[in-house]
1. Which net charge results for the neighbourhood of PRO180, defined as the other residues with beta-carbon distances under 14 angstrom from its beta-carbon, given Lys and Arg at +1 and Asp and Glu at -1?
2. Whole-Hz Karplus ³J(HN,Hα) for segment 75-91, in order, using 6.51 cos²θ - 1.76 cosθ + 1.60 and θ = phi - 60°, x for Gly and Pro?
3. Using the Karplus curve 6.51 cos²θ - 1.76 cosθ + 1.60 with θ = phi - 60°, what ³J(HN,Hα) values do you get for each residue of segment 44-51, in whole Hz, with x for Gly and Pro?
4. Given a Förster distance of 30 angstrom, what is the FRET efficiency for ASP218 paired with ALA51, based on the Cβ-Cβ distance and rounded to 0.05?
5. Taking the 0 to 90 degree range and rounding to the nearest ten, how far is the long axis of helix 273-285 tilted relative to the main principal axis of the chain, both from C-alpha atoms?
6. Near the amide H of PHE11, under 5 Å away, which other amide H atoms are found, from residues 5 or more places off or on another chain, if H is placed in the peptide plane?
7. Which ³J(HN,Hα) values, rounded to whole Hz and listed in residue order, are derived for segment 165-172 from phi using the Karplus coefficients 6.51, -1.76 and 1.60 in 6.51 cos²θ - 1.76 cosθ + 1.60 with θ = phi - 60°, glycine and proline given as x?
8. When the chain is fully extended, how far beyond the present Cα-Cα distance does ARG173 get from ARG190, taking 0.36 nm per residue of separation?
Amino acid sequence: MAGQRTFVTRFAPSPSGLLHVGHVYAAMEALALAHENGGVCRLRWENLDSARCRAEYQLRAAEDLAWLGLHFDGAPLIQSGRMDAYARACALLRDAGVLYPCFCTRREIREQAAESGRAPHGALGIVYPGTCRLMGEAEREERLARGDAHCWRLDCRRAQDLVGILEWEDLLRGMQRCVPSETGDVILARRDCPASYHLAVVVDDAEQGVTHVTRGMDLFEATHVHRTLQALLGLPVLVWRHHGLLLDESGRRLAKRDGARSIASLRAAGYTVREVIDSVLRAHARGGVWSLP
Ligand code: GLU
């Protein structure tokens, strides 16, 4: 139909270890939703974390995906090649007055949070107590000019002043109310990189024309931040579908470090593609509980 956007999902693994059955589950969710809707599914390598991500893991994961017959549309997007785009988005946010530099170390933040007696952890990790938001303009300028190490944080209250209360839709859970001021002042650009996970995801979903995001429930709370950033950057609003995570027989989340569940180890042990795919489909039918094929 004229004017209607293509239905686009994506699979966005971080190549910080071997591809495992949890990844396969996420990839199958993204592919299934696209195909059920006559759409396409794109691939993105989220390799911003240079300390943990390695080109070798990406190569091996790409090989495992091909072995499994999981194919994606178009060329994959690789985050490490997108620094200019992230820097441009950061500049827009800075101009809008919703970013501030934060000079605190992790340790200082832990100490500040403990001193103020506030619960140091929220749904998105440690809650930043806002120390650098309150810094005077002169001190801020001086420290920036001196080249003191800093990241950039979202001033979530200012963000709310600009975009108000928002909504987003989860295909499984319905409409969600998003109160930007409750997300905390998350990091949008790290010390060593002009982006954080939150900023890169939002910029790249728009770049790849994504309309529907499938991903694990562990990222449900992060979606409030992403919806807020879409509003601030004037990017299309997406629809989400947060799925459950794969669990082991005792109900614990399958972890990446558990090599036994890597596709490489299943291949080496002689399991076939059909058996691996069926084990994931079976887990889906059993509320996420995965066991060896
Ligand atoms: N790169 C993330 C992961 O591997 C997924 C991010 C997302 O889907 O937004 O868990």
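1. Taking every other residue near PRO180 into account, the sum is -1.
2. Couplings: 6, x, 9, 10, 5, 5, x, 10, 4, 5, 5, 5, 5, 5, 5, 4, 4 Hz.
3. Each residue of segment 44-51 in turn: 9, 8, 8, 10, 5, 7, 5, 6 Hz.
4. Efficiency at R0 = 30 Å is approximately 0.90.
5. It is inclined by approximately 60 degrees.
6. ARG42, LEU43, ARG44
7. Karplus-based 3J(HN,Hα) across segment 165-172 equals 7, 10, 9, 8, 10, 9, 4, 9 Hz.
8. Result for the pair: 2.9 nm of gain on full extension.
Here, each number is a calculation from the coordinates, and none is a lab measurement. Computed from a predicted model, the values in this text were never measured in an experiment. Every residue, glycine as well, gets a Cβ built from its backbone with ideal geometry; the counts of neighbours run over all protein chains shown.
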